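A.B. asks: Quick one: the structure is below, questions incoming.
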């Protein structure tokens, strides 16, 4: 969910609605870096649609950036209970925003199990028994994840093929690291799962 802030009242309502956590980006049409960052933020928002993302155009809502001590665009902040808890300046990738911001929200919500894991995406496909086993395994161990069916998303299929060199599913993206197949030992290590047996 990405929404443009219209005025200070709109931001105040957004902060009340999402008092626990929201992402606030400061943007300006005059900045080519801000244009590139906006494209990455839009991708981040599509992939992490549970994270509230708001964008302030510093020319449309003048002076608001000063209230958050923002000196340049693009700057992206995480607000928790109306306090800035994370910030980043310049152009970052959608993956960076997922790890840096969605991960902060997930670790607050989860509080247990896989606490250091910030972003887990499972790439799956139809007629894939290993995909089902993997998802069951993650759920059993309390690991939150987002699923992408590559048969319905050719862009995602191309992206993982470029990254891993394979079209096989499942593939699991953990904090930007791809695990091909249901490789339990690697998953356990990256997710901090302590398996107690073959069927864990």
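A.B. asks: Which entry is the computed Rg/Rh (Cα atoms, Kirkwood Rh) for this structure: (i) 1.05; (ii) 1.51; (iii) 1.03?
C.D. replies: Working out Rg/Rh (Cα atoms, Kirkwood Rh) from the coordinates points to (iii).
A.B. asks: Run the numbers on the range 2-92 and let me know its relative contact order in percent, using alpha-carbon pairs under 8 Å that are six or more apart.
C.D. replies: 40 percent
A.B. asks: Once R0 is set to 41 Å, what does the formula 1/(1 + (r/R0)^6) return for the Cβ-Cβ distance between residue 177 and residue 16, expressed as a FRET efficiency to the nearest 0.05?
C.D. replies: 0.65
A.B. asks: Counting only DSSP beta bridges with both residues in the range 112-191, what percent are antiparallel, rounded to the nearest 5?
C.D. replies: 65 percent
A.B. asks: Any chance you could give the angle, 0 to 90 degrees and rounded to 10, that helix 32-47 forms with the longest Cα principal axis of the chain?
C.D. replies: Computed tilt is about 50 degrees.
A.B. asks: Using the Kirkwood radius built from alpha carbon pairs, what does the Stokes-Einstein equation give as D for the range 2-92 at 20 °C and 1.002 mPa s, in µm² per second?
C.D. replies: 165 µm²/s
A.B. asks: In degrees between 0 and 90, to the nearest 10, how far off the longest principal axis of the chain does helix 8-17 point, with axes built from Cα atoms?
C.D. replies: So the inclination is approximately 30 degrees.
A.B. asks: Helix-only mean residue ellipticity at 222 nm, the chain, DSSP H runs n ≥ 4 weighted -39,500 (n - 2.57), per residue, nearest 500. What is it?
C.D. replies: -10500 deg cm²/dmol
A.B. asks: Consider just the alpha-carbon atoms of the range 112-191 and return their Rg together with their Dmax, both in angstrom.
C.D. replies: 11.8, 34
A.B. asks: Please pull out the direction-averaged projected area of the range 18-60, using the convex hull of its alpha-carbon atoms, in nm² to one decimal place.
C.D. replies: Result: a mean projected hull area of 3.2 nm².
A.B. asks: Given R₀ = 45 Å, what would the calculated FRET efficiency be for residue 71 paired with residue 151, taking r from the Cβ atoms and rounding to 0.05?
C.D. replies: 0.45
A.B. asks: Mind giving me the FRET efficiency for residue 162 and residue 189? R0 is 25 Å, r the Cβ-Cβ distance, nearest 0.05 is fine. It would help to have the intermediate numbers written out before the result.
C.D. replies: Values: r = 24 Å, r/R0 = 0.98.
In this case the efficiency is close to 0.55.
A.B. asks: Using Cα atoms only, what is the angle between the long axis of helix 129-140 and the major principal axis of the chain, expressed in degrees (0 to 90) to the nearest 10?
C.D. replies: So the helix axis and the longest Cα principal axis differ by about 60 degrees.
Read-outs throughout are calculated quantities, based only on the coordinates presented, and are distinct from any laboratory measurement. Everything quoted here is computed from the prediction, not taken from an experiment. All Cβ positions, even for glycine, are placed from backbone atoms using ideal geometry, and neighbour counts span all protein chains on display.
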